Amino acid sequence: MEEKKNRHWIFWLIGVLLLTAVLVLIILATKPMPVALLSEYGLGTLWEEGLQMNECAECHTTEEFHSCDTCHDDHGSVEFADVPFSEVVDFTGDVPDPSYLKINAVIPDRDNVGTHITVLKLLADQGVEDFESITFITNDGGSATVEAQYIDETAMLVPYVDGIRFASEQVHASSWLKGIVKIIVVGTERPLTIDGETTSIGRLLLGDTMRVTIEGTDVMLADDNGNVSHAFVANWVQGAPLFSLLHNSHPEEVTITDASGQTITLSGEEIANAVIAMIYDKVTLVLPDRGRSAWPVDIIEIESH
C-alpha cells in the first residue's frame, strides 16, 4: 500500500518537472511577455486584445503585425469600444448655442441597424425653432443647402464610416452628403445691419469667407545641452471679410453698435483684414492684429463713413 502511494507521488513529481521544463523552454525560445501587462491590464483586456490581433492578422504580414505603425499609420487611429473618441460637427449660423456637437452623443448606438436622428429633432434639441435653410459641409469641401420647406421627418442624419451622412426622401440623392463636418443654419430673422442692408451671421457664413490667423506666438523648448527648438502656434478664425460687405470698400472709419446700444468707432486701418465671425455665441468683429479684448462683440449694426 505504501509502495503505491510512493509511486503515485513520484508520477506527480515527474509531471510537475515536465511541465516546468516545458515552460522554461517556451520562455527561452520566445520573447518573454512583460509580466507587468497582467497587473496593468488584466487577463480580460489582454484576451480581447488578442482577439483583435487575430483579426489584424487577416490583412497584415508577420513582419508588420500589430506594431504601433500598423494601427496609427495604416488606420489613422486605435479604436476601443469603451473609449469615447470625439468626432465632432461644427454647428453654427443663426442658432442660440453655436458649438461642436459630438457625433457619439447626437447619434448613439451607431452600430445598430436603423440608427439615425431627424434633422428637425437635431435642430429642436439645439433650440432652433424657425429657419430658412440648412447647409451641410463635408470634410472634402462639398456642400448642400436645403430650404426649410423640404426638411420633413424623412430628412435625417445617419451614421457613416466617416462621421455622419445626410439623407432625405424629399431631395435628390446627389445632396445626400457624407462625411459632414459643419452645419450652418440660416434663420428667418436678420438681426445684423451693415450699411443699411439687413442680414445674419448664417447668411454671411454661406457667402465668401476668409480664414485669418490670430494669437500667433513662437514657442521654444531647450534641451539639456542648451539647444533651442522653435514652433509657431496660433488659432484660425473663419469669417466674412468686412470690407467686401461695406458700400464703401475703403472707408475712413466705421461705427459699430452692439446689442446694448453702445457704439465704437474704428479707423479704416484698424479694421484691415477684419472678418465677421461667430465667436462662442456672439457675432464678433475679429481684428487679427489686435487682442481679443479689442474685438467688438454682440454686434447688431456696422456703418461705414
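Look through the stretch 130-179, keep the residues that are in a strand (DSSP E or B) and of a type in the set (Phe, Trp, Tyr), and return whichever of them is surrounded by the most Cβ atoms within 10 Å (Cβ to Cβ).
My answer is Phe136.
Quick one: which of Ile271, Ile279, Ile264, Ile256 is in the same structural domain as Ile201 (by TED's automatic domain parsing), of a type in the set (A, V, I, L, M) and under 24 Å from Lys182 (Cα atoms)?
Ile279
Taking Thr217, is it exposed (fewer than 11 other Cβ atoms within 10 Å of the Cβ), hydroxyl-bearing (Ser, Thr, Tyr) and either in the same structural domain as Ser99 (by TED's automatic domain parsing) or out of contact with any Cys (no Cβ under 9 Å at 6 or more places or on another chain) (or both)?
For Thr217, the condition - exposed (fewer than 11 other Cβ atoms within 10 Å of the Cβ), hydroxyl-bearing (Ser, Thr, Tyr) and either in the same structural domain as Ser99 (by TED's automatic domain parsing) or out of contact with any Cys (no Cβ under 9 Å at 6 or more places or on another chain) (or both) - is met.
Would you please name the residue that is surrounded by the most Cβ atoms within 10 Å (Cβ to Cβ), looking only at residues in the stretch 238-277 that are closer than 15 Å to Asp289 by Cα and touching a Pro at 6+ places or on another chain (Cβ under 6 Å)?
By that ranking, first place goes to Val275.
Sort out which residues of the stretch 243-270 are among the hydroxyl-bearing types (Ser, Thr, Tyr) and touching a helix residue (DSSP H, G or I) at 6+ places or on another chain (Cβ under 8 Å), and write them in order of number.
If the condition is that a residue be among the hydroxyl-bearing types (Ser, Thr, Tyr) and touching a helix residue (DSSP H, G or I) at 6+ places or on another chain (Cβ under 8 Å), then Ser249 is the only one that fits.
Taking the conditions exactly as written (surrounded by 18 or more Cβ atoms within 10 Å (Cβ to Cβ), at pLDDT below 95 and within 26 Å of Val88 (Cβ to Cβ)), does Leu204 satisfy them or not?
Considered against the rule, which asks whether it is surrounded by 18 or more Cβ atoms within 10 Å (Cβ to Cβ), at pLDDT below 95 and within 26 Å of Val88 (Cβ to Cβ), Leu204 comes out as no.
The values are calculated or read from the model by the stated rules, or taken from the named source; none is laboratory data. Treat the numbers as computed from the prediction; the structure is a model and nothing was measured. With ideal geometry, Cβ positions are generated from the backbone for all residues, glycine too; neighbour counts draw on all protein chains shown.
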